[in-house]
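The values are calculated or read from the model by the stated rules, or taken from the named source; none is laboratory data. Just so it is clear, the model here is predicted, and its values are computed rather than measured. Here the Cβ is made from the backbone with ideal geometry for all residues, glycine too, and neighbour counts use every protein chain on show. Each accessible area value is taken on the protein alone, full model and side chains, heavy atoms only, with ligands, DNA and RNA left out. Shrake-Rupley method; radii C 1.70, N 1.55, O 1.52, S 1.80 Å.
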Amino acid sequence: MPKLLALTGSPSVNSRTAVVADHVLRRLDHAGFDTAHLAVRELPAADLLSARRGEPEIRRALEAVAEADGIIIATPVYKAAYTGLLKAFLDLLPQDGLAGKTVLPVATGGSLAHVLTIDYALRPVLAALGARHVTAGRFVLDSSVERGAGPDRLRPEAELDLFQAVDEFAEALRAAEAAVLATAH
(Lines give C-alpha, C1' and ligand atoms only; values in the text may rest on other atoms or scores of the structure.)
Protein backbone atom coordinates (compact mmCIF):
# COMPACT_ATOMS: atom_id res chain seq x y z
CA MET A 1 0.00 0.00 0.00
CA PRO A 2 1.32 3.49 -0.78
CA LYS A 3 2.91 5.62 1.94
CA LEU A 4 1.20 8.95 2.56
CA LEU A 5 2.41 12.08 4.29
CA ALA A 6 0.30 15.04 5.39
CA LEU A 7 2.22 18.31 5.51
CA THR A 8 0.44 21.00 7.49
CA GLY A 9 1.58 24.59 7.14
CA SER A 10 -0.26 26.29 9.99
CA PRO A 11 1.84 28.18 12.53
CA SER A 12 -0.92 27.75 15.15
CA VAL A 13 -0.77 25.14 17.90
CA ASN A 14 -4.59 24.97 17.85
CA SER A 15 -4.83 24.66 14.11
CA ARG A 16 -8.11 24.01 12.33
CA THR A 17 -5.99 22.95 9.37
CA ALA A 18 -4.41 20.18 11.47
CA VAL A 19 -7.91 19.03 12.51
CA VAL A 20 -8.88 18.78 8.84
CA ALA A 21 -5.62 16.98 7.96
CA ASP A 22 -6.21 14.52 10.80
CA HIS A 23 -9.69 13.78 9.39
CA VAL A 24 -8.08 13.10 6.01
CA LEU A 25 -5.48 10.80 7.57
CA ARG A 26 -8.06 8.86 9.59
CA ARG A 27 -10.08 8.26 6.42
CA LEU A 28 -6.96 7.04 4.62
CA ASP A 29 -5.91 4.90 7.62
CA HIS A 30 -9.29 3.16 7.50
CA ALA A 31 -8.73 2.55 3.78
CA GLY A 32 -5.50 0.71 4.63
CA PHE A 33 -2.91 3.33 3.73
CA ASP A 34 0.30 3.88 5.71
CA THR A 35 0.03 7.51 6.89
CA ALA A 36 2.11 10.07 8.75
CA HIS A 37 1.66 13.74 9.66
CA LEU A 38 4.37 16.40 9.57
CA ALA A 39 3.45 19.77 11.11
CA VAL A 40 5.98 22.15 9.56
CA ARG A 41 5.69 24.47 12.59
CA GLU A 42 7.38 21.77 14.69
CA LEU A 43 10.60 21.98 12.66
CA PRO A 44 13.40 24.17 14.08
CA ALA A 45 12.57 27.67 12.82
CA ALA A 46 16.17 28.85 12.42
CA ASP A 47 17.07 25.76 10.38
CA LEU A 48 13.92 26.06 8.26
CA LEU A 49 14.37 29.76 7.51
CA SER A 50 18.10 29.41 6.90
CA ALA A 51 17.52 26.48 4.53
CA ARG A 52 19.80 24.17 6.51
CA ARG A 53 18.86 21.00 4.67
CA GLY A 54 21.58 19.00 6.42
CA GLU A 55 20.30 19.57 9.95
CA PRO A 56 18.82 16.35 11.38
CA GLU A 57 15.15 17.37 11.75
CA ILE A 58 15.04 19.15 8.39
CA ARG A 59 16.81 16.22 6.71
CA ARG A 60 14.32 13.73 8.22
CA ALA A 61 11.39 15.88 7.07
CA LEU A 62 12.76 16.05 3.52
CA GLU A 63 13.37 12.29 3.55
CA ALA A 64 9.76 11.72 4.65
CA VAL A 65 8.57 13.67 1.62
CA ALA A 66 10.95 11.76 -0.68
CA GLU A 67 9.75 8.39 0.66
CA ALA A 68 6.03 9.16 0.38
CA ASP A 69 4.00 8.07 -2.62
CA GLY A 70 1.27 10.59 -1.87
CA ILE A 71 1.30 13.96 -0.15
CA ILE A 72 -1.54 15.86 1.46
CA ILE A 73 -0.66 19.57 1.56
CA ALA A 74 -2.86 21.33 4.10
CA THR A 75 -2.65 25.04 4.80
CA PRO A 76 -4.70 27.86 6.21
CA VAL A 77 -5.19 30.78 3.86
CA TYR A 78 -3.58 34.04 4.91
CA LYS A 79 -3.63 37.08 2.62
CA ALA A 80 -5.14 35.04 -0.25
CA ALA A 81 -2.32 32.47 -0.30
CA TYR A 82 -0.87 29.50 1.57
CA THR A 83 1.30 30.27 4.60
CA GLY A 84 4.87 31.50 4.47
CA LEU A 85 5.73 28.64 6.80
CA LEU A 86 4.62 26.12 4.19
CA LYS A 87 6.41 28.08 1.46
CA ALA A 88 9.66 28.02 3.47
CA PHE A 89 9.44 24.22 3.64
CA LEU A 90 8.45 23.73 0.01
CA ASP A 91 11.44 25.91 -0.97
CA LEU A 92 13.73 23.33 0.66
CA LEU A 93 12.54 20.55 -1.64
CA PRO A 94 14.61 19.86 -4.72
CA GLN A 95 13.17 21.13 -8.02
CA ASP A 96 11.69 17.68 -8.65
CA GLY A 97 10.82 17.08 -4.98
CA LEU A 98 7.28 15.94 -5.77
CA ALA A 99 8.11 14.00 -8.93
CA GLY A 100 6.05 10.85 -9.28
CA LYS A 101 3.81 11.79 -6.37
CA THR A 102 0.06 12.20 -6.16
CA VAL A 103 -0.86 15.31 -4.18
CA LEU A 104 -4.09 16.37 -2.47
CA PRO A 105 -4.20 20.11 -1.68
CA VAL A 106 -6.43 21.18 1.20
CA ALA A 107 -6.95 24.73 2.44
CA THR A 108 -8.87 26.22 5.33
CA GLY A 109 -10.02 29.78 5.77
CA GLY A 110 -12.58 32.13 7.17
CA SER A 111 -14.29 33.08 3.93
CA LEU A 112 -15.25 31.53 0.61
CA ALA A 113 -13.43 34.49 -0.95
CA HIS A 114 -10.25 32.41 -0.49
CA VAL A 115 -11.47 29.26 -2.24
CA LEU A 116 -9.37 29.93 -5.36
CA THR A 117 -6.15 29.85 -3.35
CA ILE A 118 -5.76 26.16 -4.13
CA ASP A 119 -5.87 26.65 -7.90
CA TYR A 120 -4.13 30.00 -8.23
CA ALA A 121 -1.52 29.95 -5.46
CA LEU A 122 -0.85 26.36 -4.37
CA ARG A 123 -1.38 24.23 -7.49
CA PRO A 124 1.28 26.06 -9.59
CA VAL A 125 3.93 25.47 -6.89
CA LEU A 126 3.02 21.78 -6.66
CA ALA A 127 3.26 21.45 -10.44
CA ALA A 128 6.60 23.28 -10.47
CA LEU A 129 7.90 20.73 -7.96
CA GLY A 130 7.03 17.97 -10.43
CA ALA A 131 3.93 16.45 -8.85
CA ARG A 132 2.73 13.64 -11.12
CA HIS A 133 -0.91 14.26 -10.34
CA VAL A 134 -2.53 17.00 -8.26
CA THR A 135 -6.04 15.84 -7.45
CA ALA A 136 -9.01 18.12 -6.97
CA GLY A 137 -8.37 19.96 -3.73
CA ARG A 138 -10.80 21.08 -1.09
CA PHE A 139 -11.37 24.30 0.79
CA VAL A 140 -12.89 23.96 4.26
CA LEU A 141 -14.41 26.96 6.01
CA ASP A 142 -13.07 27.58 9.51
CA SER A 143 -16.67 27.64 10.73
CA SER A 144 -17.02 23.99 9.60
CA VAL A 145 -14.46 22.89 12.19
CA GLU A 146 -16.29 22.37 15.45
CA ARG A 147 -14.35 22.49 18.67
CA GLY A 148 -15.66 21.93 22.13
CA ALA A 149 -15.70 19.61 25.10
CA GLY A 150 -15.41 16.47 22.94
CA PRO A 151 -13.11 15.64 20.08
CA ASP A 152 -12.74 18.20 17.29
CA ARG A 153 -14.96 17.39 14.35
CA LEU A 154 -16.16 18.72 11.04
CA ARG A 155 -19.73 19.65 10.25
CA PRO A 156 -21.28 16.73 8.37
CA GLU A 157 -21.63 18.53 5.02
CA ALA A 158 -17.99 19.66 5.14
CA GLU A 159 -16.85 16.18 6.10
CA LEU A 160 -18.77 14.59 3.21
CA ASP A 161 -17.26 17.05 0.74
CA LEU A 162 -13.76 16.52 2.12
CA PHE A 163 -14.14 12.74 2.07
CA GLN A 164 -15.17 12.87 -1.59
CA ALA A 165 -11.83 14.52 -2.37
CA VAL A 166 -9.99 12.02 -0.13
CA ASP A 167 -11.65 9.08 -1.90
CA GLU A 168 -10.67 10.51 -5.30
CA PHE A 169 -7.10 10.93 -4.00
CA ALA A 170 -7.08 7.31 -2.78
CA GLU A 171 -8.30 6.09 -6.18
CA ALA A 172 -5.57 8.10 -7.95
CA LEU A 173 -2.98 6.53 -5.63
CA ARG A 174 -4.28 3.02 -6.29
CA ALA A 175 -4.27 3.67 -10.06
CA ALA A 176 -0.67 4.93 -9.87
CA GLU A 177 0.34 1.86 -7.86
CA ALA A 178 -1.37 -0.47 -10.36
CA ALA A 179 0.39 1.28 -13.26
CA VAL A 180 3.77 0.83 -11.61
CA LEU A 181 3.05 -2.84 -10.91
CA ALA A 182 1.88 -3.39 -14.50
CA THR A 183 5.06 -1.91 -15.97
CA ALA A 184 7.21 -3.98 -13.56
CA HIS A 185 5.83 -7.24 -14.97
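The distance from the alpha carbon centre of region 34-76 to that of region 85-110 is 10 Å, rounded to a whole number.
For the chain, the relative contact order works out to 22 percent when only alpha carbon pairs closer than 8 Å and six or more residues apart are counted.
Using just its DSSP H runs of length 4 or more, each adding -39500 (n - 2.57), the chain gives a mean residue ellipticity at 222 nm of -12500 deg cm²/dmol after division by all residues.
For region 116-185, rounded, prolate or oblate, judged on the Cα gyration tensor with a ≥ b ≥ c (square roots of eigenvalues), a/c < 1.5 rounded, else prolate if a/b > b/c? Note, shape of region 116-185 comes out oblate.
From the Cα gyration tensor of region 14-111, with a ≥ b ≥ c the square roots of its eigenvalues, which class applies: rounded if a/c is under 1.5, or else prolate if a/b is larger than b/c, or else oblate? It comes out oblate by the Cα gyration axes. Only Lys, Arg, Asp and Glu count, each charged at its Cβ (+1, +1, -1, -1), so figure out the dipole size of the chain about its Cα centre, rounded to 20 debye. Computed charge dipole of the chain: roughly 340 debye.
Annotation: extensible slack from Leu181 through Asp34 equals 51.1 nm (criterion: 0.36 nm per residue apart, minus Cα-Cα distance).
Between Ala64 and Asp119, the distance separating the two model label sites (each 7 Å from Cα on the Cα→Cβ line) works out to 3.1 nm. Mean sequence separation of contacting Cα pairs (under 8 Å, at least six apart), scaled by the length of region 84-183, corresponds to a relative contact order of 29 percent. In angstrom, the C-alpha Rg and Dmax of the chain are 15.8, 53. The residues of the chain have, on average, 48 Å² of accessible surface per residue, using a 1.4 Å probe with all protein chains present. When you restrict to C-alpha pairs under 8 Å that are six or more residues apart and normalise by the size of region 1-59, the relative contact order lands at 39 percent.
Evaluated with a Cβ-only charge set (Lys, Arg +1; Asp, Glu -1), region 113-185 carries a dipole of roughly 220 debye about its Cα centre, given to the nearest 20. Just the protein heavy atoms count here, and of the accessible area of the chain at 1.4 Å, carbon and sulfur take up 54 percent.
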